Amino acid sequence: MESILDILTKLGEAAPRPMGESTLMTDIDDMNKVLHDRSDDSLLNIQDTEDKKLVALHQLYSDLVHVLYFTKPDLLGSLSLRMIELTMAKGLTPTSPFSFAYYGMALATMGKVEEGCRLGRLALKLVDENASSSKYKPMVISICYNAILFHSEPLQSTAQAHH
């Protein structure tokens, strides 16, 4: 965790902010407006990036968010926001489905269940449609069904998705 944070700092990335921090909440509201104004199809059709640095940066964020999920969950909102910002600005990477899944989880945790579920479903579609993301499918299914979609889907759908 510390190594990844150190690398991200050296790459010029800002330190993650805890949930409830005022500028983070403003940034989340701004991103929610952007996502609300985009159709599902336009989000699913974001171009893949050719930028290898971005792919590596996104992978670092993805690795970090998996660790912080268990150790410092109050930073997930900030990290998932940064991941979705990178995806929206620069294109899809193989780990972009995690952007939508973790950001959707953060929104659902904040009480924005409908928006969170939308992003969870988008993450599942992205991981199905993007061949380079297919190896992450089990993890994306787990995040989406266990942390987001249980708000709106029957419990049986979780078992069916995992099967």
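The values are calculated or read from the model by the stated rules, or taken from the named source; none is laboratory data. Model, not experiment: these values are computed from the prediction. Neighbour counts run over all protein chains shown; Cβ positions are idealised from the backbone, glycine included. SASA here: full protein model, heavy atoms, side chains in, ligands and nucleic acids out. Shrake-Rupley method; radii C 1.70, N 1.55, O 1.52, S 1.80 Å.
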Inset, instruction - Calculate one ³J(HN,Hα) per residue across the range 92-105 by plugging θ = phi - 60° into the Karplus curve 6.51 cos²θ - 1.76 cosθ + 1.60, and present them in order as whole Hz with x for glycine and proline. - result: 6, 10, x, 9, 4, x, 5, 4, 5, 5, 5, 5, x, 5
Legend entry - Ellipsoid semi-axes in whole angstrom, largest first, where each is sqrt(5λ) of the Cα gyration tensor of the range 1-84: 22, 19, 11
Inset, instruction - Straight distance only, please: which lysines reach the Cα of LYS10 with their own Cα at less than 18 Å, same-chain residues fewer than 8 apart left out? - result: LYS52, LYS53
Inset, instruction - List every residue whose amide H lies under 5 Å from the amide H of ASP48, counting only residues 5 or more places away in sequence or on a different chain, with H placed 1.01 Å from N in the peptide plane. - result: LEU92
Inset, instruction - Calculate the tail of P(r) for the range 40-101: the fraction of all Cα-Cα distances greater than 13 Å, expressed in %. - result: 57 percent
Inset, instruction - Only Lys, Arg, Asp and Glu count, each charged at its Cβ (+1, +1, -1, -1), so figure out the dipole size of the range 14-146 about its Cα centre, rounded to 20 debye. - result: 320 debye
Legend entry - Value at 222 nm in deg cm²/dmol, rounded to 500, when DSSP H runs of n ≥ 4 in the chain each add -39,500 (n - 2.57): -22500 deg cm²/dmol
Inset, instruction - Can you send over the carbon and sulfur percentage of the accessible area for the chain, probe radius 1.4 Å, protein chains only? - result: 55 percent
Legend entry - q = 0.17, 0.20 Å⁻¹: log10 I(q)/I(0) that the Debye formula gives for the range 85-130, counting C-alpha atoms only: -0.43, -0.58
Inset, instruction - Highest first, please rank the peptides 77-84, 60-67 by the mean number of other Cβ atoms sitting within 10 Å of their residues. - result: 77-84, 60-67
Inset, instruction - Might you report the magnitude of the Cβ-based charge dipole of the range 49-101 about its Cα centre, with Lys and Arg at +1 and Asp and Glu at -1, to the nearest 20 debye? - result: 60 debye
Legend entry - Cα-only Debye scattering, the chain: base-10 log of I(q)/I(0) at q = 0.09, 0.10, 0.19 Å⁻¹: -0.26, -0.32, -1.27
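Considering only protein heavy atoms, what per residue accessible area in square angstrom results for the range 1-151 with a 1.4 angstrom probe?
With all protein chains present, the range 1-151 gives 49 Å² per residue.
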Inset, instruction - Lys and Arg at +1, Asp and Glu at -1: add these up for the other residues within a Cβ distance under 11 Å of PRO94 and post the number. - result: 0
